[in-house]
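Nothing in this text is a laboratory measurement; each read-out follows from the coordinates by a stated rule. The structure displayed is predicted, hence computed values, not measured ones. Every residue, glycine among them, receives a Cβ derived from its backbone with ideal geometry; neighbour counts consider all protein chains shown.
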Amino acid sequence: MGSRSTPRFRFTARARDITINERPRTKRGQLLTIGLFIIPGAIIYTLFLIMPIIQAGYYSLFDWNGLGPVTDFIGLGNYQRAFQHNVFQSAIVNSLIIMSLSLMIQLPLAITLALMVGRKLPGRAIFRSIFFMPYVFSEVITAIIWSFVYHPNGGLVNTMFTTLIPGFQTQGWLANRDTALIAVFFVITWKYFGLHMILYMAGLQSINGEIEESARIDGANELQVLRYITLPMLAPTIRLTIYLSVLGSLNQFVLIWVLTAGGPANATQVMASYMYRFGIKSFNLGFGSAVAVIIFAVSLIFSIGYQRSVMRRDYVGTV
Amino acid sequence: MATAVSKANSTPSNPPPIGRWLTRLAQYVVLIAFAAIILGPIMTAVLGGLKTTGELFAEPFGLPAVPRWDNYSGIVSSELFWRQLLNSAIIVFGAVSGTVASSALLAFVFSRLVFPGREIIFNYFTLGLLFPVTIAFLPVFIQVRQMGLIDSYFGIILPLVAFGIPGSTLILRGFFRAIPSELEDASYIDGCGTLGFFWYVLLPLARPALGAIVVLQTIVAWNEYFLPLLILTDDAKWPLTLGIMQFQGQYGTDWGRVMAFVSLLIIPAVLFYILTQRYIVTGLTGGELKG
């Protein structure tokens with residue numbers, strides 16, 4: 001494609017430039033370029049991202065099994081049903097638990113390790129590579145590895161505990177209602193904290209070391225430097241990672257589904273897995289659409305609120 | 001350089017205080033402990049592929065007494081594995097080339113051309129950042145089915161492109177904007193038009209950003225699980241993510257074999273990661289993190 005179209009690009013370009021001599025911009029040629037450049041992306045994006053979401057809003061008003069005609073209008077019935085369903089309520093709670101644990105454990109851990117690896121620790125590149133590695137693995141692979149790690153008899157965790165603690169009773173970590181959600185959260189942290197750590201490391205690197213140095217000369221100890229200089233200067237990165245972490249917890253799904261399928265007895269059900277279980281698996285696409293709309297609405301409200309109030313416009317890139 | 005100089009200055013005159021050494025030591029102990037938590041499960045999987053299931057449970061950490069290569073050879077000699085690898089490759093190729101091409105064009109328009117309504121259209125495209133494909137799969141599935149794309153690779157590739165566009169366009173736009181306008185003027189003086197500038201100047205200069213997008217989208221497409229699960233009913237078209245779930249369903253209790261399959265996917269992923277780490281980090285941090 002490249003070799004054939006390149007000369008033509010050049011030719012049009014020259015033809016355009018000749019007319020440019022009279023006016024700085026040829027409006028028509030410019031508009032043609034803009035149109036041709038936007039259209040391919042716009043069509044795919046609109047058809048496969050925007051349309052499905054708008055349609056979800058429409059289908060959510062119907063009792064629809066996904067196969068027959070869409071005729072059974074029930075207004076907000078699906079939404080009412082979802083909010084009254086105790087499994088959906090506990091899915092919301094579980095999503096919130098994962099979110100709070102991420103904010104309270106995953107992010108501080110990522111900051112601490114980023115500070116430890118620091119800006120010039122020998123071997124920092126190796127540690128960074130190791131901590132970030134799980135990010136590239138698929139959720140499916142991660143979940144399979146960890147279902148072995150958590151295996152009720154002979155898995156990694158049980159073997160470790162039985163050797164360290166004599167008389168330790170082996171546990172089915174993912175099969176026990178009390179431990180399943182924590183076990184799942186541990187896997188989420190294992191896979192994703194490296195992402196946050198990398199963002200913090202980037203943030204730390206952009207801080208001018210001379211400011212910290214001059215604080216030390218003025219007599220500040222390391223804790224004071226950290227509290228009054230480093231962390232405040234890291235604030236934009238912290239705001240970004242909080243944002244990513246909240247949205248990431250809302251969207252957490254594949255890992256959980258492969259690890260536990262929302263079980264045992266819905267103990268690890270989150271909003272997205274609920275949508276799959278009660279929308280697609282039980283042939284209720286109208287209901288599933290309503291759940292999708294609820295999740296979208298939560299993400300949207302959080303994003304707009306957070307960006308308006310906290311982040312304003314300082315976020316670095318995006319993931 | 002700088003560290004060497006400061007070391008040379010500090011070591012002979014005042015020996016490093018014992019406290020500093022202890023902090024360093026503690027730092028390494030903590031970091032190594034966390035590295036072990038990350039690497040432990042991965043190493044267990046890779047070594048586990050060489051063990052019998054009995055060995056794996058009796059001694060999950062150790063080296064296998066006799067490496068059992070037949071776990072691997074059984075998988076590698078099956079035609080199914082190679083077909084699934086090809087299917088994954090088709091999906092990755094389609095999704096990545098589609099995303100890169102369409103978002104490079106969009107990012108160019110949004111960064112270097114001026115026209116009324118530009119910001120509104122740009123905001124329309126960034127709206128998608130709020131709807132990751134991991135939760136939008138149900139609405140996407142309905143749309144793909146309406147368009148008759150069930151059992152077609154396009155039913156997976158096109159949604160992946162659509163969901164890749166917002167983030168990729170945003171990253172590329174940032175890089176395109178950073179390229180000084182003097183270069184643009186110079187290229188116009190040299191006889192390039194808008195398109196010539198885009199093709200001969202901007203794209204080559206934005207190579208790190210394009211690399212980052214290729215790598216990040218490759219990871220997304222390669223790891224995608226639910227779209228193919230919903231859209232491909234014909235299991236001859238399944239990619240490896242579905243293949244391994246099927247394999248685990250079949251040999252669920254034979255962990256040695258399952259781990260062999262896992263390692264066959266993990267080892268290339270680690271190599272890919274080591275080779276492309278630079279691009280991934282550039283893409284995620286906007287080029288701020290070096291070394």
Treating the protein assembly as shown as a set of equal point scatterers at the Cα positions, no solvent, please give the Debye-formula log₁₀ I(q)/I(0) at q = 0.05, 0.06, 0.10 Å⁻¹.
-0.25, -0.37, -1.00
Residues meeting the amide H criterion for A:PHE62 (H placed from the backbone, H to H distance under 5 Å, 5 or more places apart or on another chain) are A:ILE74
Across every pair of different alpha-carbon atoms, what Kirkwood hydrodynamic radius in Å does chain A reach?
23.9
Computed over the range B:27-170, the ratio Rg/Rh where both radii use C-alpha atoms and Rh is Kirkwood:
1.16
Which ordering of A:THR71, B:THR285, B:THR218, A:THR46 is given by a fewest-first count of other beta-carbon atoms within 10 Å?
A:THR71, A:THR46, B:THR218, B:THR285
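How big is the charge dipole of chain B about its Cα centre, in debye rounded to the nearest 20, if each Lys and Arg gets +1 on its Cβ and each Asp and Glu gets -1 on its Cβ?
680
Report the relative contact order of chain A, percent, no decimals, based on alpha-carbon pairs under 8 angstrom and at least 6 residues apart.
Details: 318 pairs, mean separation 84.7, N = 319.
Relative contact order here is 27 percent.
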Taking chain B as a Gaussian network, where each spring joins two C-alpha atoms under 10 Å apart, which residue of B:PHE81, B:PHE34, B:PHE163 fluctuates the most?
B:PHE34
Globularity index of the range A:223-280, i.e. its alpha-carbon radius of gyration over 2.2 N^0.38 Å:
1.73
Order of A:LYS281, B:LYS51 from fewest to most other C-beta atoms within 10 Å?
A:LYS281, B:LYS51
Between A:ASP72 and A:GLN30, what is the label-to-label distance in nm when each label sits 7 Å out along the Cα-to-Cβ direction?
5.6
Hey, got the Cα dimensions of the range B:151-241 along the principal axes, in Å, largest first?
56, 19, 18
Express the Stokes-Einstein translational diffusion coefficient of the range B:201-283 in µm² s⁻¹, to the nearest whole number, given a Kirkwood radius over alpha-carbon pairs, 25 °C and a viscosity of 0.890 mPa s.
165
